[in-house]
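Here, each number is a calculation from the coordinates, and none is a lab measurement. Bear in mind the structure is a predicted one, so any value in this text is a computation, not a measurement. Glycine also receives a Cβ, built like all others from the backbone with ideal geometry; neighbour counts cover every protein chain displayed.
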Amino acid sequence: MPRNSKQTQFLPASFRDPAGHIFRQDGKIYRQINQSGKDDYELMMSSGLYDVLVKRGFLIPHKETSLTKLGIKDSRAYKAIMPEQIDFISYPYEWSFGMLKDAALLTIEIQKICLEHGMVLKDASAYNVQFIAGRPVFIDTLSFAKLSRQYWHGYRQFCQHFLAPLALASRVDVRFISMLRDHIDGFPLDLTKRALGTRAKLLPGLFMHIVLHARSQQQYQKKRPAPKNFNLERAKISQIALANHLEKTVRKIAAPKQITTWGDYYKNADHYNQSSFKKKGVIIKDYIGRVKPKTVWDIGGNDGTFSRIVLAAGAKSAVCFDFDYAAVESNYQQLQKDKNKNLLPLYLDLSSPSVNTGWAQQERDGLAERAEDTKSVVMALALMHHLAIQNNIPFASMRDYFARLGEYLIIEFVPKDDEKVKELLIAREDIFTEYSIENFEKVFLAKYNLVSKDEVKGTKRTMYLLRRKK
Amino acid sequence: MRHFLAYLDPGSGSIIIQVIMGGVLGMGYMARKSIAAVLGRFRRKDKTKGGEKKEAKE
């Protein structure tokens, strides 16, 4: 069903919670609150929790809307709300280390504020967090429940979704974060314990929340925990203490060494002389001025240098993808200092992009499924030679995939006699007889119209602005 | 209300370990809070005394 369909479309990312679900109507996202979620929702609104969280920018604001107006005839329905709309939904396996850590700290901070209001987070899924204007924001308005248990329901999930990947990324390898794609309910703690080995024992928090936790899971797998009488004050104290300890543990997980060695790529790189770099920027600004896109996907955008140029040129928002964790982290940290924050840095291996996954392959969307189709620009600068020569991807296949992602394409052709291509061919036989500018134009212009073609003076490279044929 | 909080399986082992940890950490938390409260009272008294002395001098 198209995104802007007038019909109500149930979105399968929220089917687990009986308190309500999200749906799309007329291109807008809504959340239905069921009768069963009424008490908790009303408590959140009346206790002052909602106001505090929204005021501090921790929770997505919403407006209540009329069920009748939306034509909802569901007997379970109590209310419908329209949350502030999010441009692009990203997933934890696409975040940098710093992003995952900030999302973890937000979740735990919210849990602490909830406890002050006599409520709890009933889950601790990393998918409840989105990045808006460079900051993590909690998006699940139905995650709040009255405090009515001695223990925290979300504890296991918090450890699996946040603590485990952060610990593995920090102490073993940062690439563990992308492996969350295969573990959408977070890393199992026994696996984490084994992968961390003795490294887990160096930090008491990790030893407690991962090693002892995994052992306890194994030992008491089929045992029913003895029911405890609920005591509000005691529950509050033990859960605040637990949250404090989790927060302390997360804060102590240091950034992986692999990403802290990131230098200033563009300033230090010898292949970029400043004047041709500037010329490329001028060409891109001109293209953006002509298209006036709502969003730009800067694929292989490194630390976001050109994403910032497109934002300055008038693009409303940009998503900058890169394969290098250090670049994505650098981009995210830089974003904290930027004025224009409509940029989202994400990790992406374009040779194997995010796919539709989760239950029925519908819970989490793949990359192409999240493409905003109209007036969007895909930008592929200094990327094509990596795809063609490193990954043996034919021009036609590249063209077809880019055409799925957006209406416009800004692409840079890097010829074989460019230093960067020579480097790629240094140890392998040149089997790429098709790799030429003539062939590139022939293949791409079969599906795209040429809007502009500009040589980047001082280099052998050529820039193109292409528009998909109807 | 009961089953809506419980839509997520907290896991037996996860409950048991956190009840133990929550107890220990909770005691530590309360102890720190009490010490801080006691110290805070002394500090406040000291300040008041100091303030009184200053006022007296003036």
Problem set entry | Stretch gain in nm, segment A:Ala427-A:Glu84, where the contour uses 0.36 nm per residue and the Cα spacing is subtracted | 118.3 nm
Exercise. Using 1/(1 + (r/R0)^6) with R0 = 25 angstrom and r between the beta carbons of A:Ser436 and A:Ala368, what's the FRET efficiency to the nearest 0.05?
Worked result: 0.35
Problem set entry | Rg followed by Dmax, in Å, when segment A:350-470 is reduced to its Cα trace | 15.6, 51
Exercise. With a ≥ b ≥ c the root eigenvalues of the C-alpha gyration tensor of segment A:1-79, is it rounded (a/c under 1.5), prolate (a/b larger than b/c) or oblate?
Worked result: prolate
Exercise. What share of all Cα pairs of the protein assembly as shown, in percent, falls into each consecutive 20 Å distance bin?
Worked result: 20, 47, 27, 6, 0
For this session: Tell me which residues come under 5 Å, amide H to amide H, from A:Tyr78 once H is placed; ignore anything under 5 positions away on its chain.
Result: A:Ile33, A:Asn34, A:Gln35
Seminar exercise, completed: With label points set 7 Å from each Cα along the Cα-to-Cβ direction at A:Lys469 and A:Ala133, the distance between them in nm comes to 4.3
Exercise. Whole-Hz Karplus ³J(HN,Hα) for segment A:447-456, in order, using 6.51 cos²θ - 1.76 cosθ + 1.60 and θ = phi - 60°, x for Gly and Pro?
Worked result: 10, 10, 8, 7, 9, 7, 9, 9, 7, 8
For this session: Along each of the three principal axes of the Cα atoms of segment A:218-371, give the extent in whole Å, ordering the values from largest to smallest.
Result: 70, 37, 29
For this session: Mind grabbing the base-10 log of I(q)/I(0) for segment A:265-468 at q = 0.07, 0.08 Å⁻¹? Debye formula, identical points on the C-alpha positions, no solvent, two decimal places.
Result: -0.20, -0.26
For this session: Evaluate the relative contact order of chain A (contact order divided by residue number), counting alpha-carbon pairs under 8 angstrom at least 6 apart; express in whole percent.
Result: 11
Exercise. Taking a 26 Å limit on the Cα-Cα distance, which of the listed pairs A:Lys278/A:Lys337; A:Lys6/A:Lys146; A:Lys422/A:Lys442; A:Lys316/A:Lys457; A:Lys28/A:Lys285; A:Lys193/A:Lys252 fall beyond it?
Worked result: A:Lys6/A:Lys146; A:Lys316/A:Lys457; A:Lys28/A:Lys285
Exercise. Once the piece of chain linking A:Asp26 and A:Asn231 is laid out straight, how much longer is it, given 0.36 nm per residue of separation minus the C-alpha distance between them?
Worked result: 69.1 nm
Problem set entry | Nearest-0.05 FRET efficiency for A:Lys339 and B:Ala37, computed from C-beta distance (R0 60 Å) | 0.85
Exercise. At 222 nm, what helix-only mean residue ellipticity would chain A give, in deg cm²/dmol to the nearest 500, using -39500 (n - 2.57) for each DSSP H run of four or more?
Worked result: -9500 deg cm²/dmol
Exercise. With a 10 Å Cβ neighbour count serving as the proxy for reagent exposure, in which order, fewest first, do A:Val120, A:Val211 appear?
Worked result: A:Val211, A:Val120
Problem set entry | Out-of-range pairs (alpha-carbon distance over 22 Å; input A:Lys101/A:Lys236; A:Lys248/A:Lys339; A:Lys55/A:Lys112; A:Lys375/A:Lys447; A:Lys280/A:Lys447) | A:Lys101/A:Lys236; A:Lys248/A:Lys339; A:Lys280/A:Lys447
Problem set entry | Per-residue Cβ neighbour rank within 10 angstrom, fewest leading, A:Met44, A:Met379, A:Met82 | A:Met82, A:Met44, A:Met379
Seminar exercise, completed: Rounded to one decimal in nm, the spacing of the 7 Å Cα→Cβ label points at A:Lys38 and A:Asp74 is 1.6
Exercise. Rounded, prolate or oblate: which fits segment A:140-218, taking a ≥ b ≥ c as square roots of the Cα gyration tensor eigenvalues, rounded meaning a/c under 1.5, else prolate when a/b beats b/c?
Worked result: oblate
Problem set entry | Additional length obtainable on full extension of the chain from A:Lys63 to A:Lys420, 0.36 nm per residue less Cα span | 123.3 nm
Seminar exercise, completed: So the FRET efficiency between A:Lys447 and A:Asp173, C-beta based with R0 = 35 Å and rounded to 0.05, is 0.35
For this session: Please order A:Thr459, A:Thr192, A:Thr198 by the number of other Cβ within 10 Å, starting at the fewest.
Result: A:Thr198, A:Thr459, A:Thr192
Problem set entry | Equivalent ellipsoid semi-axes - Cα gyration tensor, segment A:92-259, angstrom | 25, 20, 14
Exercise. Counting only residues 5 or more places away or on other chains, whose amide H sits under 5 Å from the amide H of A:Leu346 once H atoms are built in the peptide plane?
Worked result: A:Cys320, A:Phe321, A:Asp322
